[in-house]
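The values are calculated or read from the model by the stated rules, or taken from the named source; none is laboratory data. Values in this document were obtained by computation on a predicted structure and should not be read as measured data. Because the Cβ atoms are built from the backbone with ideal geometry, glycine has one as well, and the counts that use them run over all protein chains shown. Accessible surface areas use protein heavy atoms only, side chains included; no ligands, DNA or RNA. Shrake-Rupley method; radii C 1.70, N 1.55, O 1.52, S 1.80 Å.
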Amino acid sequence: MNRFGQRRLWKLGGFTFCTMLEDSMADSYAPIATLNGSSAAEVGLTAETLVKGIDQTAKEVYDRILNFNGRLVRQDAHRFACYAAADGANSAASLTTSRLVVDFDRIAYHTP
């Protein structure tokens, strides 16, 4: 809990594109670029809204990857796109300036 009584880690669920991230844990105080560097918790977003944002960002990354090289294995491109969005702080997603999803089920992530 922070000084305002809010939990820092949120359990995420309800993914439609990045189902391998179901039940992952996100840092609700990671600064998000589209929120002008504010965090989800600071602006009052919910975990559900954060999940939709991760899914949307991952889908955009996935589409860019396939447009760049359509010969890639789609499952690998999908997995990378979800990783990039979950990580947030990489050039593929540019969603955050620090790691967004801090824990996830590694076995589920690599299961087809």
The lone exception for residue 32 - which of (1) touching a residue at least 60 places away in the same chain (Cβ under 8 Å); (2) under 22 Å from residue 105 (Cβ atoms) it fails: (2)
Qualifying residue in the stretch 44-55 (condition: under 15 Å from residue 87 (Cβ atoms) and touching a helix residue (DSSP H, G or I) at 6+ places or on another chain (Cβ under 7 Å)): yes
Qualifying positions in the stretch 79-94 - farther than 24 Å from residue 28 by Cβ and either open to solvent by 80 Å² or more (accessible area, probe 1.4 Å) or modelled with pLDDT under 85 (or both): 80
Options 84, 26; residue that is within 25 Å of residue 8 (Cα to Cα) and assigned to a strand (DSSP E or B): 26
In the stretch 56-78, the residues that are within 26 Å of residue 8 (Cα to Cα) and either open to solvent by less than 50 Å² (accessible area, probe 1.4 Å) or in a loop (DSSP other than H, G, I, E, B) (or both): 57, 58
Condition met for residue 28 (polar (S, T, N, Q) and modelled with pLDDT under 90): no
Check on residue 41, part of a helix (DSSP H, G or I), over 29 Å from residue 111 (Cβ atoms) and open to solvent by less than 40 Å² (accessible area, probe 1.4 Å): yes
Scan of the stretch 95-108 for residues that are modelled with pLDDT under 85, in a loop (DSSP other than H, G, I, E, B) and open to solvent by 60 Å² or more (accessible area, probe 1.4 Å), ordered by number: 97, 105
